[in-house]
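One structure below.
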Amino acid sequence: MLRKVLPFLFTIILSFSPFLFAQNTKFEPVDIYSSAYIYLLSSNKITISGNANLSGNLFSNSDIDLSGNSTITGNLFAVGSIFGKGNSTITGTSNQGVNALTLPVLPDKSYYQSLADESISPKGIYKLSGEINKIIFIDGDVMLKGDVSGTGTIIATGDIKVISARNTEKISLISYQDISLDGDISFTALCYAAGSIKVDATGNFSGSLVADSIKIAGNTTLFYKPLLVEELIPKMEERFNQQDWESICNCAETLAAYGSSATSWLTSIFQTKEKDPVFRKMIAEITAEIKDTTSASSLISVLADETEDEYIRAEAAFTLGDIGGEGVYESLSSALSNPSETIRSSAAFALGFLGDKRATDPLINLLSDSSSLVRMRSIMALGRLGDSRAVEPLIALLSSPDEDIKIKAVLALGDLGDQRAVPYLSNLLTTEEMFSSIRIFSTESLGKIGGEKAILLLLSLLEDKDELVILEAAKALGEMKELRAIQPLKTAITRVRSNWVKSKLEEILASLEE
């Protein structure tokens, strides 16, 4: 049954996620274990009256009207004004005149009807209760009353009325008209109404409300609860087992959009050894995308676990380098002495992304490691760190018999941008075989380093026999806006045989002559 619900949930949640959970809407990431929040999003006015108690952030593309004796724990955002705060208590910030959000628009009704497991056209108000674990499309009005269970979806072309309803799971309610919640409720849902949402109830509501306008009255307690986080991961795993990569990507994007609200669920799965290693790696990549430092302790545990698969431990190291956090440098540094070249090399690579220059000396020591993979990743990390202490050790590697090591050293020296490397890179241009990749990469690094000596070398390379070296030199000179390159470029254009190289050189010349 979950497979049937999934397409609809993807459509709705992927539409809502950027608005409900993304940081670029000014909403703060929420940790579901430390606080409970609700997001109210409205195209028009949000009105809160009575004695409502809300925990969460509110956003209106119009005004927020606070009357009565409401208590709000969270931040308020309004494109227009926030008024009527006299008798309301707000713990958080009030932000007026913010940029508007474009709320998602419901598609044509026929689209949702085609997804439905059951389609109903009632003569009056259709009454629902009990277990709902499928997509139900109702061409008319709906009433939910009493005990409700399941994680299904109800789509109604008319109104949806929730009256004294109770559930413990998360349901989705989508109305092309209005949604109302009345009576004594204990309800969890994602509610979207093309019209209005009205809450005039006692009891509790947890979830999120999105509508054209929202009105909260009565003595309701409302709090935010991230919907479908814990359900999305098993659904993603199910699709992984089916090799449904499009759905997997949709799930991953949604989980990443939930931000820190998803962290604890993700790290729990990553630590589960019984899960498929490839699936666990995918979970780690989502964790890295979120960059929540609170996940560091779980990842550190995985990296330190000698009984764990070494490739999973390596993935933990990569993710730690991306997110940082307390104890990460120490954990990665310790892994540099691990007997496994996979773990040593992954820790070295991760230290480059972490950006802590305390890693410079340990990484320099690894340049003589017995593993070429460890040496290469240490070189790359030193290039990223940007510590000039690495220049001389990297220059020494330019005479290595291992071409891959030599190339990585050339590129790292370009990243470091230190003038001491220029004569050594120049030497490679004259001693290496013509048409070798090392000459091309040396030219690229000279462009990164810059300075008069490097510029003169690049200008001379516009006469080189290797057309790819000519192109690389021209790119560098073009980025520098070096006008002395104009005439040599014109000459080079007449000499090169490759039409592709010629067209690229002409583009660079045109940019210099502007």
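Details
Yes or no, residue by residue, for (1) more than 15 Å from ILE395 (Cβ to Cβ); (2) acidic (Asp, Glu):
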{"residue": "ALA421", "(1), (2)": "no, no"}
{"residue": "ASN427", "(1), (2)": "no, no"}
{"residue": "GLU433", "(1), (2)": "yes, yes"}
{"residue": "SER436", "(1), (2)": "yes, no"}
{"residue": "GLY450", "(1), (2)": "yes, no"}
{"residue": "LYS453", "(1), (2)": "yes, no"}
{"residue": "LEU459", "(1), (2)": "yes, no"}
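- Of all residue pairs spaced 6 or more apart or on separate chains, those with beta-carbon atoms under 8 Å, a first member in region 232-243 that is part of a helix (DSSP H, G or I) and a second member that is modelled with pLDDT of 85 or more and basic (Lys, Arg) are GLU237/LYS275.
- Hits in region 157-202 - residues which are acidic (Asp, Glu) and closer than 20 Å to SER121 by Cβ: ASP159, ASP178
- For region 189-202, the set of residues classified as surrounded by fewer than 19 Cβ atoms within 10 Å (Cβ to Cβ) and either of a type in the set (A, V, I, L, M, F, W, C) or in contact with a Leu (Cβ under 9 Å, 6 or more places away or on another chain) (or both) consists of ALA194, ASP200, listed by residue number.
- Checked against the criterion of being at positive phi and either without any contact (Cβ under 8 Å) to a residue 40 or more places away in the chain or not hydrophobic (A, V, I, L, M, F, W, C) (or both), the candidates GLY84, GLY80 yield just one match: GLY84.
- Neighbours by Cβ (under 9 Å, 6+ apart or cross-chain): first from region 46-58, closer than 17 Å to SER213 by Cα and in the same structural domain as LEU103 (by TED's automatic domain parsing); second modelled with pLDDT of 80 or more and of a type in the set (Lys, Arg): ILE46/LYS215; THR47/LYS215; ILE48/LYS215; SER49/LYS215
- Contacts under 9 angstrom Cβ, first residue in region 405-426 being farther than 21 Å from LEU373 by Cβ and in a helix (DSSP H, G or I), partner modelled with pLDDT under 95 and of a type in the set (Lys, Arg), 6 or more apart: none
Okay, residues lined up against (1) under 20 Å from CYS191 (Cα atoms); (2) of a type in the set (Ser, Thr, Tyr); (3) not in a loop (DSSP other than H, G, I, E, B):
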site: ASP65; (1), (2), (3): no, no, yes
site: ASN69; (1), (2), (3): no, no, no
site: ASN87; (1), (2), (3): no, no, no
site: LEU103; (1), (2), (3): yes, no, no
site: LEU106; (1), (2), (3): yes, no, no
site: TYR111; (1), (2), (3): yes, yes, yes
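- Strands (runs of 3 or more DSSP E) completely within region 119-164 that count 3 or more residues being surrounded by 21 or more Cβ atoms within 10 Å (Cβ to Cβ): 135-138, 142-149, 153-156
- Meets criteria (in the same structural domain as ASP182 (by TED's automatic domain parsing), surrounded by fewer than 15 Cβ atoms within 10 Å (Cβ to Cβ) and not basic (Lys, Arg)) for SER70: no
- Residue within region 226-238 that is at pLDDT 85 or above, surrounded by fewer than 21 Cβ atoms within 10 Å (Cβ to Cβ) and closer than 25 Å to SER264 by Cβ present: yes
- Residue check for GLY146: of a type in the set (Gly, Ala, Ser) and under 26 Å from GLY56 (Cα atoms): no
- Of the residues making up region 261-318, those that are among the polar types (S, T, N, Q) and surrounded by 22 or more Cβ atoms within 10 Å (Cβ to Cβ) are SER261, THR263, THR267, THR287, SER295.
- Selection of region 352-380 for residues being assigned to a helix (DSSP H, G or I), over 21 Å from ILE438 (Cβ atoms) and either hydroxyl-bearing (Ser, Thr, Tyr) or in contact with a Phe, Trp or Tyr (Cβ under 6 Å, 6 or more places away or on another chain) (or both) yields THR360, SER368.
- The number of residues in region 306-343 being assigned to a loop (DSSP other than H, G, I, E, B) and more than 24 Å from LEU367 (Cβ to Cβ) comes to 8.
The values are calculated or read from the model by the stated rules, or taken from the named source; none is laboratory data. Not measured: the values here are computed from a predicted model. Please note: Cβ atoms are built from the backbone with ideal geometry, for glycine as well, and neighbour counts cover all protein chains shown.
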